[in-house]
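Asks: Handing you a structure now.
Laboratory data are not the source of any read-out in this text; all were calculated from the coordinates shown. Keep in mind that what you see is a predicted model, and the values were worked out from it rather than measured. Backbone-built Cβ (ideal geometry, glycine too); neighbour counts: all protein chains shown.
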There are 2 protein chains.
Amino acid sequence: MEDQKKRILLVEDDPNFGTVLKDYLMMNDYEVTHAKNGMEGFEKFKKDDFDLCILDVMMPYKDGFTLAKEIREKNTDVPIIFLTAKTMKEDVLRGYKVGADDYLNKPFDSEVLLMKIKAIIQRKATETISDSKQFEFKIGSFDLNSKLRFLRFNGGEPVKLSPKENELLRLLALHENDLMPRELALTKIWRDDNYFTSRSMDVYIAKLRKYLKLDDKVEILNIHGEGFRLVINT
Amino acid sequence: MEDQKKRILLVEDDPNFGTVLKDYLMMNDYEVTHAKNGMEGFEKFKKDDFDLCILDVMMPYKDGFTLAKEIREKNTDVPIIFLTAKTMKEDVLRGYKVGADDYLNKPFDSEVLLMKIKAIIQRKATETISDSKQFEFKIGSFDLNSKLRFLRFNGGEPVKLSPKENELLRLLALHENDLMPRELALTKIWRDDNYFTSRSMDVYIAKLRKYLKLDDKVEILNIHGEGFRLVINT
DNA sequence: TCTCCTTTTAACCTTACATTAACAAAAATG
DNA sequence: CATTTTTGTTAATGTAAGGTTAAAAGGAGA
């Protein structure tokens, strides 16, 4: 882990600033891929795995937020830091909405950036212990393939799951027989915790229950005010 | 939702600013304890559990960093946000060194602070994997699972407990065969000690007695004017 | 544009919970 | 022993959370 250089995707349209920043990061032992605009950024993102994305907000053609949204669709976990030109409140708030981990106002101090990078990467490292790599689950007589998004009963015809159905069921499966806190699903899947996302989640719970009805040993229980519990009765 | 308001410790020596900030946070559904200086801040921190600390850096007697260090010694997890008067790089870096989760330069936008608070608290929520606090108790022939909120008699069908039933029984179990002071339950569970909460607690004691009747070796005794005692007769 | 699929929002209903009231019983007080 | 205080218990009430279905809104691709 330590001996592997961390990979950073830097998307910054100002060629001077971008190059300087890239060099600075490389001097500090990061492996940096520099994209000059949003399109290129997304292309490079799809081709490689990164530990962190640093996105300029103000870019022609495709701004940082749009790019962030696209990135989030592919990967819900990768940390994102925004570079905003000024202290623009709207920018900051919008950034958090698309799941920013932090933002920095230009001009910023490079050491501060370094600290932030370190803090964020380390945080993700502790967070992502077992979670992120598990994609196949046995749930009673069901098989869930969370990568291909299908659920199969008794080895029969697989049912396709929508992205949200899939993520939610996966999260429940990761906590099999244990509490899966409401808050966890809302922050991880919906990235927001309010009345409506909460109701939306309840709708999805109902959908999952419908799928799982085929096996009466499998059920999703509610723990009032806390969350849900996927139990497999033996 | 009343009992799961997030609790914030705000340490800020400027009385005007502190009060305004406190009110603002309270308006946004946080429970705020306001300490006027570092000493008081530490005292209050020791007395209660907080979900987040917001510390002013510049304070007489005991500055925010020193306070943060003391807090970290007691609790390695609680998120800390610093308020720094100016963009002082040294401050920011020093802040990260003592384990800050974020910092804000005064003056700051209150909505941004709110977003940061939300983001940080949510992050901590997701990190909580399986804190090995004590959640399982053996009470005579009962098993109490305080995380999943159920009580099982003799390995049979578990009975669901309401949050208050659960907390109260857990507190009694933690003091098994010993006095569990009224006041303790009222301050810990009800967070308020008055005639009505006290009566409410008595109602819950009655409910618990009903559950526990199944095992005649288990009983909840009253110690008049003092509290209750969960005894397990052998 | 018009589909199809997904997600959100709305509506309505049920269940779960906590509080409060009311009255009875026990314990303390003096 | 009369009176006050505390506790035991049950029931009624009000509110919040969750279950479910359907309609509306959004989004991607034809």
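Asks: Project the alpha carbons of segment A:29-80 onto their principal axes and report the range along each, largest first, in whole Å.
Replies: 28, 23, 17
Asks: Most fluctuating residue of B:LEU55, B:LEU83, B:LEU171 in a GNM of chain B with Cα springs under 10 Å: which is it?
Replies: B:LEU171
Asks: If you average the sequence gap of Cα pairs under 8 Å that are 6 or more apart and divide by the length of segment A:134-232, what percent do you get for the contact order?
Replies: Details: 141 pairs, mean separation 26.0, N = 99.
Relative contact order for segment A:134-232 comes out at 26 percent.
Asks: What is the antiparallel percent of DSSP beta bridges lying wholly in segment B:2-127, to the nearest 5?
Replies: Working: 0 of 18 bridges.
Once the DSSP bridges in segment B:2-127 are tallied, antiparallel ones form about 0 percent.
Asks: Just to confirm the numbers: A:LEU214, label point 7 angstrom along the Cα-Cβ line, distances to the other copies in nm, shortest first?
Replies: Going from nearest to farthest copy, the values are 3.5 nm.
Asks: While we're looking at this one, here's another question. Between A:GLY156, A:GLY38, A:GLY64, where does the largest GNM mean-square fluctuation fall for chain A, given springs only between Cα atoms within less than 10 Å?
Replies: Of A:GLY156, A:GLY38, A:GLY64, the Gaussian network model singles out A:GLY156 as fluctuating most.
Asks: Averaging sequence separations of C-alpha pairs under 8 Å and six or more residues apart, then dividing by the length of segment A:6-127, give the relative contact order as a whole percent. Walk me through the numbers before you get to the answer.
Replies: Details: 189 pairs, mean separation 25.7, N = 122.
Here the relative contact order equals 21 percent.
Asks: Relative to the first principal axis of the alpha-carbon coordinates of chain B, what is the inclination of helix B:38-47, with its axis defined by its Cα atoms, in degrees from 0 to 90 and to the nearest 10?
Replies: Taking the Cα atoms of chain B, the angle to B:38-47 is about 20 degrees.
Asks: Find the percent of Cα-Cα distances in chain B that exceed 31 Å, and round it to a whole number. Walk me through the intermediate numbers first.
Replies: Working: 10192 of 27261 pairs.
Tail of the P(r) past 31 Å holds 37 percent of the pairs.
Asks: Something else now. Nearest 500 deg cm²/dmol is fine: what mean residue ellipticity at 222 nm does the protein assembly as shown get from its DSSP H runs of n ≥ 4 alone, each adding -39,500 (n - 2.57), divided by its residue count?
Replies: Working: 16 runs with 190 residues, N = 468.
Rounded to the nearest 500, the figure is -12500 deg cm²/dmol.
Asks: Now, a different point. Between A:ALA206 and A:MET58, how many nm apart are label points set 7 Å from Cα along the C-beta direction?
Replies: Reported label-point gap for A:ALA206 and A:MET58 is 4.7 nm.
Asks: Take B:THR234, project a point 7 Å from its Cα along the Cβ direction, then tell me which residues of segment B:134-158 have their backbone nitrogen under 18 Å from it.
Replies: The answer is B:138-142, whose backbone nitrogens lie closer than 18 Å to the label point.
Asks: Please compute the Kirkwood hydrodynamic radius of the protein assembly as shown from all pairs of different C-alpha atoms, in Å with one decimal. Walk me through the numbers before you get to the answer.
Replies: Working: mean 1/r = 0.0398 Å⁻¹.
It is 25.1 Å.
Asks: Turning to a different aspect of this structure: Need one number: % antiparallel among DSSP beta bridges in the protein assembly as shown, to the nearest 5.
Replies: On the way: 39 of 75 bridges.
If we restrict to bridges inside the protein assembly as shown, about 50 percent are antiparallel.
Asks: So, one more: Given axes a ≥ b ≥ c from the Cα gyration tensor, I'd like to know whether segment A:6-127 is rounded (a/c under 1.5), prolate (a/b larger than b/c) or oblate.
Replies: Working: a/c = 1.11, a/b = 1.06, b/c = 1.06.
Rounded is the answer for segment A:6-127, as its axis ratio a/c remains below 1.5.
Asks: Something else about it: GNM on chain B, C-alpha springs below 10 Å: top fluctuator among B:HIS34, B:HIS224, B:HIS175?
Replies: Checking each option, the largest mean-square fluctuation is seen for B:HIS224.
Asks: Two decimals, Cα atoms only, Kirkwood Rh: what is Rg/Rh over segment B:136-232? Mind dumping the intermediate values first?
Replies: Numbers: Rg = 12.6 Å, Rh = 13.3 Å.
Reported Rg/Rh (Cα atoms, Kirkwood Rh): 0.94.
Asks: If each label sits 7 angstrom from Cα along the C-beta direction, how far apart, in nm, is B:GLU157 from its counterparts in the other copies?
Replies: From this label point to the equivalent ones elsewhere in the assembly: 3.7 nm.
Asks: Please compare each pair in A:LYS210/B:LYS6; A:LYS213/B:LYS124; A:LYS22/B:LYS116 to a cut-off of 31 Å on the Cα-Cα distance and tell me which ones are over it.
Replies: On the way: A:LYS210/B:LYS6 34 Å; A:LYS213/B:LYS124 34 Å; A:LYS22/B:LYS116 27 Å.
Over 31 Å apart, Cα to Cα: A:LYS210/B:LYS6; A:LYS213/B:LYS124.
Asks: Round to the nearest 0.05 the FRET efficiency obtained for B:GLU183 and B:ILE223 when R0 = 22 Å and r is the Cβ-Cβ distance. Write down the numbers at each step before the final one.
Replies: Details: r = 12 Å, r/R0 = 0.56.
Computed FRET efficiency for B:GLU183 and B:ILE223: 0.95.
Asks: Ok, one more. Assume the label is 7 Å from Cα along Cα to beta carbon: what separations in nm does B:ASP192 have to the matching positions in the other copies?
Replies: Nearest first, the other copies' label points are 3.2 nm away.
Asks: Using Cα-Cα distances under 8 Å and only pairs 6 or more residues apart, what relative contact order does chain B have, in percent?
Replies: 11
Asks: Counting every Cα pair in segment A:1-55, what percent are over 15 Å apart?
Replies: Numbers: 625 of 1485 pairs.
In whole percent, the share of Cα-Cα pairs in segment A:1-55 beyond 15 Å is 42.
Asks: Obtain the nm distance between the two label points defined at B:SER110 and A:MET27 by a simple spin-label model: each point lies 7 Å from its Cα along the Cα-to-C-beta direction.
Replies: Placing both labels 7 Å beyond Cα along the Cβ direction yields 4.3 nm.
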